Amino acid sequence: MSDRGRREGTDGRGGRTMKAFRLDELEAERAANDGAYLQFLRERNMSVGLYALNAGEADPQQPHGQDEIYFVVSGRASITVGTETTQVGRGSVVYVPAGAAHKFHHISEDLRVLVVFSPPEG
């Protein structure tokens, strides 16, 4: 991971207190690396990444061994988790339990999603 899009603070005693990111810079880094997913934060109890799927694209995801939270930053699509389907758009938040089959589909506008894994992915 590069440092583009990242800002770190300290507590004055050498410990870190905060990490801040700019979404536009993270999106540029993800695109430059030619990948649909950019993990930009990894801590002991969680990891966070930016996931991108363009309109009409297929979602290749397989079930994960971690609980996930999806926060839709932009775009429109449907998501199916197990046997339930819902429409998502900017501002939508979806919880996916560990091991559950899930896919975004019917992506009508380029989709950009923040993904939080707990515990960290991989």
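Per-residue accessible area (protein heavy atoms, 1.4 Å probe) orders D67, D24 as D24, D67, starting from the largest. Taking the accessible area of the chain, probe 1.4 Å, and keeping the other protein chains in place, the carbon and sulfur fraction comes to 51%. Within the full protein context, the accessible area of T80 is estimated at about 30 Å² for a probe radius of 1.4 Å. This model, with +1 at the C-beta of Lys and Arg and -1 at the C-beta of Asp and Glu, gives segment 40-118 a dipole about its Cα centre of some 140 debye. Of the residues G99, G49, G75, the one that moves most in a GNM of the chain with alpha-carbon contacts below 10 Å is G99. Helix 23-32 versus the longest principal axis of the chain: what angle, 0 to 90°, nearest 10, using Cα atoms? Tilt relative to the chain: about 70 degrees. For segment 106-122, the residues whose backbone nitrogen is under 17 Å from a point 7 Å from the Cα of T80, taken along Cα to Cβ, are 106-108.
Considering every pair of different Cα atoms, what Kirkwood radius, in Å, is found for segment 41-108?
Computed over Cα pairs of segment 41-108, the Kirkwood hydrodynamic radius comes out at 12.6 Å.
For the chain, dividing the convex hull volume of the Cα atoms by the residue count gives 108 Å³ per residue. Surface exposure of the chain, expressed per residue as accessible area with a 1.4 Å probe, stands at 58 Å². Ellipticity at 222 nm from helices only: DSSP H runs of n ≥ 4 in the chain, each -39500 (n - 2.57), divided by the residue count, give -2500 deg cm²/dmol.
A probe of 1.4 angstrom, applied to the heavy atoms of all protein chains, finds V116 with accessible area near 50 square angstrom.
The values are calculated or read from the model by the stated rules, or taken from the named source; none is laboratory data. No experiment lies behind these values; they were computed from the predicted model shown. Here the Cβ is made from the backbone with ideal geometry for all residues, glycine too, and neighbour counts use every protein chain on show. Each accessible area value is taken on the protein alone, full model and side chains, heavy atoms only, with ligands, DNA and RNA left out. Shrake-Rupley method; radii C 1.70, N 1.55, O 1.52, S 1.80 Å.
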